[in-house]
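See below for the structure under consideration.
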């Protein structure tokens, strides 16, 4: 089992993530904004401008052992669900550190987790880049499968 971080260690990591995200935002013109969750939430929102999908928001949630990350890709498909889910599973095979998942209201998400012991600024940058690139590459093709009649 991975190491459980205590409150003091989590607080240090929170500050580091704030700093890392500020630095990453300064280096990446696609990042529109970085915000924090309300109250005691250890959650960040990274909003990126895209070309294929207008905006992609990545949610980062700090736990006691892992940082969970996810982004909404598209709503539940209206048609061709088998073909869409097959496409997602085939795409999962090529992804590193992230996977497609079915979430709330059967919407499609990209999700992943990293152990806190492995979390660095470069890993956080890689995570954001991976999620962004995956959404940009798959968004329109997935829409064309799941909402084919709207594109006819």
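Only the coordinates and a few stated rules stand behind these numbers; no lab work does. The structure presented is a predicted model; accordingly, all values stated were derived computationally and were not measured. Every residue, glycine among them, receives a Cβ derived from its backbone with ideal geometry; neighbour counts consider all protein chains shown.
Some values worked out for this structure:
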| quantity | calculated |
| --- | --- |
| Tilt relative to the chain, helix 7-27 - C-alpha long axis, 0 to 90 degrees, to 10 | 60 degrees |
| Theoretical gain in end-to-end length, residue 106 to residue 90 [0.36 nm per residue, Cα-Cα removed] | 3.9 nm |
| Intensity falloff of segment 6-63 expressed as log10 I(q)/I(0), Debye formula with alpha-carbon point scatterers, at q = 0.27, 0.28 Å⁻¹ | -1.13, -1.17 |
| Förster radius 41 Å - calculated FRET efficiency between residue 151 and residue 28 (Cβ-Cβ, nearest 0.05) | 0.85 |
| Cα-based helix-to-principal-axis angle, 81-92 vs the chain, degrees rounded to 10 | 40 degrees |
| Cα→Cβ-extended label distance, 7 Å offset, between residue 40 and residue 76, nm | 3.4 nm |
| Modelled FRET efficiency - R0 25 Å, residue 19 with residue 113, Cβ distances, 0.05 increments | 0.75 |
| Folded to 0 to 90 degrees: helix 121-146 orientation relative to the chain principal axis, Cα | 20 degrees |
| Convex hull volume of the chain per residue (C-alpha atoms, cubic angstrom) | 122 Å³ |
